[in-house]
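Chemist: Quick one: the structure is below, and I'll ask about it shortly.
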Amino acid sequence: MSELDDRLTAALRADAPAERDVMFRVEVLMRLERARFRRRLILTMAAAFVAAVLLAVNAPTIAAWMAMDLQRVWIVALGASTALFALAGMSVEAPYGPTVLVRALGRWLYP
């Protein structure tokens with residue numbers, strides 16, 4: 001190779017991309033996971049809120065339905081325990097978690 005080729009090769013290697021930054025990749029993955037968690041949490045909280053409103057609106061109907069047959073009490077208990085099991089995995093300290101929702105609801109109901 002000529003001296004020009006050597007200088008050109010050295011210049012091209014000088015501008016080579018840096019080695020892979022592992023911490024940058026971890027930070028990006030953590031940011032993506034946090035965003036995914038927030039979306040899932042908001043969706044779960046919205047579904048729980050809708051279910052709670054529907055339950056509150058239909059409470060007299062459900063009570064009359066349960067009074068007709070004792071076996072129906074087990075159906076309601078199973079549904080309630082399933083809902084509690086689904087909500088048990090949520091983080092209490094999440095930015096949109098149940099603690100924040102309960103505090104906001106308390107401030108709204110009891111100013």
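Just so it is clear, none of the values below were taken in a lab; they were calculated from the coordinates. As the structure is a computational prediction, the values presented were derived from the model and not from experiment. Glycine also receives a Cβ, built like all others from the backbone with ideal geometry; neighbour counts cover every protein chain displayed.
Chemist: For Arg25 and Ala47, what does the FRET efficiency come to when R0 = 35 Å and r is the distance between their Cβ atoms, rounded to the nearest 0.05? Display every interim value, and only then the final one.
Modeler: Numbers: r = 33 Å, r/R0 = 0.95.
Here the calculated transfer efficiency is 0.60.
Chemist: Next question. Any idea how far apart Ser81 and Arg40 come out in nm if each label point goes 7 Å out from Cα toward Cβ?
Modeler: Placing both labels 7 Å along Cα→Cβ, they lie 2.5 nm apart.
Chemist: Quickly work out the Ala14-to-Met68 label distance, labels modelled 7 Å from Cα along the C-beta direction, and quote it in nm with one decimal.
Modeler: Distance between the two pseudo-spin positions: 8.6 nm.
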